[in-house]
1. With +1 on the Cβ of every Lys and Arg and -1 on the Cβ of every Asp and Glu, and nothing else charged, how large is the dipole of the chain about its Cα centre, in debye rounded to the nearest 20?
2. Within the set LYS4/LYS96; LYS242/LYS301; LYS68/LYS96, which residue pairs have Cα atoms separated by over 23 Å?
3. For region 201-215, in order, what is each residue's ³J(HN,Hα) by Karplus, 6.51 cos²θ - 1.76 cosθ + 1.60 with θ = phi - 60°, in whole Hz (x at glycine and Pro)?
4. For n ≥ 4 DSSP H runs only, could you compute -39500 (n - 2.57) per run for the chain, divide by its residues and tell me the 222 nm figure to the nearest 500?
5. Note the full-extension length gain between LYS301 and TYR161 as 0.36 nm times their separation in residues minus their Cα-Cα distance, in nm to one decimal.
6. Quick one: Karplus J couplings for region 112-128, per residue in order, coefficients 6.51, -1.76, 1.60, θ = phi - 60°, nearest Hz, x for Gly and Pro?
7. Using amide H atoms built in the peptide plane, which far-off residues or other-chain residues are under 5 Å from ILE232 H to H?
8. ³J(HN,Hα) across region 324-333 via Karplus (A = 6.51, B = -1.76, C = 1.60, θ = phi - 60°), whole Hz, x for Gly/Pro?
Amino acid sequence: MDTKAKLQIDRILNMVAEKQASDLHLSVGSVPTLRIHNQLLPLEQEESVTKEFMDSFVETILDSDQKKILTEKKELVIAYQLNRQIRFRINIFFQKGVLAAYLRLIGSAIIPLPKLGLPISLEQIAEKNKGLIIISGSFGSGKTTTSASIIDHINHTRSSYILTIEKPIEYIFSNHKSIIEQREVGRDAISFEQALSSITQEDVDILYISELSSKKIINSVINIATSGRLVIANVEADTTVKTLEFIIDSFPSNEQQRVRAQLSTNLAGIVCQRLVPRVGGGQVAIAEIMTATPPIQSIIKEGSLYQISNVIQTSREEGMVSLDWSLAELVKTNEINLESALDNASDQQQLRYMLRA
């Protein structure tokens, strides 16, 4: 191991945490680059990344099994802990024939559910004992953070056996009232499909799965929720309606009626979130929350998903929160500015109306 490269690696990774960056990009020929408050910041004081540096980087953070996977598949996603306070999700891949890496800083502690700053109805969803809870949003919107907060809330409030299936494991849980076992795809299980295959025959109360990326995975998750367990799943979609469309459209047309029927009966709620620039710096999480009331169940079963947004807007008493309402509340408290709110609004006219009310 090149000692100079090792020192540079440790220095750069510590700098990510010190500067409160969300991301780090390492690409041969460029200096290491941070993302801070959604702006890219090249570390001009650092030397440009070289092929030798990337070789040393891989040698430092990967074990022998992971190196083998990277060689065979040309890409690898792992979680890496630098010390007790700093943990990263790392995607290592090849570009132009040489190694490159993208690192995302994972929070050092699980945020308590009330401190996420999301609507209080999220806590009501977290109290569910069965059904399917979907946490959706675009890449980097904080889905994993919210899911971890829900799991930790359950862990501290009731006695359950919780199983997580993740790629990679990001947050590490300690048992409190519940028992939590975490399985990492690629290390503890061959695939999501294989890890899910026997859960209906196991003593699992709550399942968390970090991605729904195929029809087979989605079908297994719906069946597990149907069996009377609570399932928490992450989906990459930026609206509630798109979340449902993604799930339903993963199946051929001749199966979609069955899937809609299963969802209408077993869906507990959807939390669709995103991050918006905060006044004064940083980002604030906002969320649209849909709960499975009888009108929502009927809409899903009939396939009239276009009606969901209207139901969410008119169902505050049932715990639903629209994206535009969340934005309006943050503008009123001066946490975000009007321009950011309008950029993220689903209906700018409706948002302006809410701000006048």
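1. Numbers: 37 positive and 42 negative charges, 34 e Å.
Result for the chain is approximately 160 debye, rounded to the nearest 20.
2. Details: LYS4/LYS96 25 Å; LYS242/LYS301 16 Å; LYS68/LYS96 20 Å.
Violating the 23 Å limit, Cα to Cα: LYS4/LYS96.
3. For region 201-215, the Karplus curve yields 9, 10, 7, 10, 8, 9, 10, 10, 10, 7, 7, 10, 10, 8, 4 Hz.
4. Details: 14 runs with 140 residues, N = 357.
After summing the helix terms and dividing by residue count, I get -11500 deg cm²/dmol.
5. Working: separation 140, 0.36 × 140 = 50.40 nm, distance 3.10 nm.
Full-extension gain reported as 47.3 nm.
6. Ordered by residue, 3J(HN,Hα) equals x, 3, x, 8, 5, x, 8, x, 5, 5, 4, 5, 5, 5, 5, 7, 4 Hz.
7. ILE133, LEU207, TYR208, ILE209
8. Computed from phi, the couplings for region 324-333 are 5, 5, 4, 5, 4, 5, 6, 5, 4, 8 Hz.
Readers should treat all values here as calculations from the given coordinates under stated rules, not as data from a laboratory. Just so it is clear, the model here is predicted, and its values are computed rather than measured. When we count neighbours, we look across all protein chains shown, and the Cβ atoms used for this are built from the backbone with ideal geometry, even at glycine.
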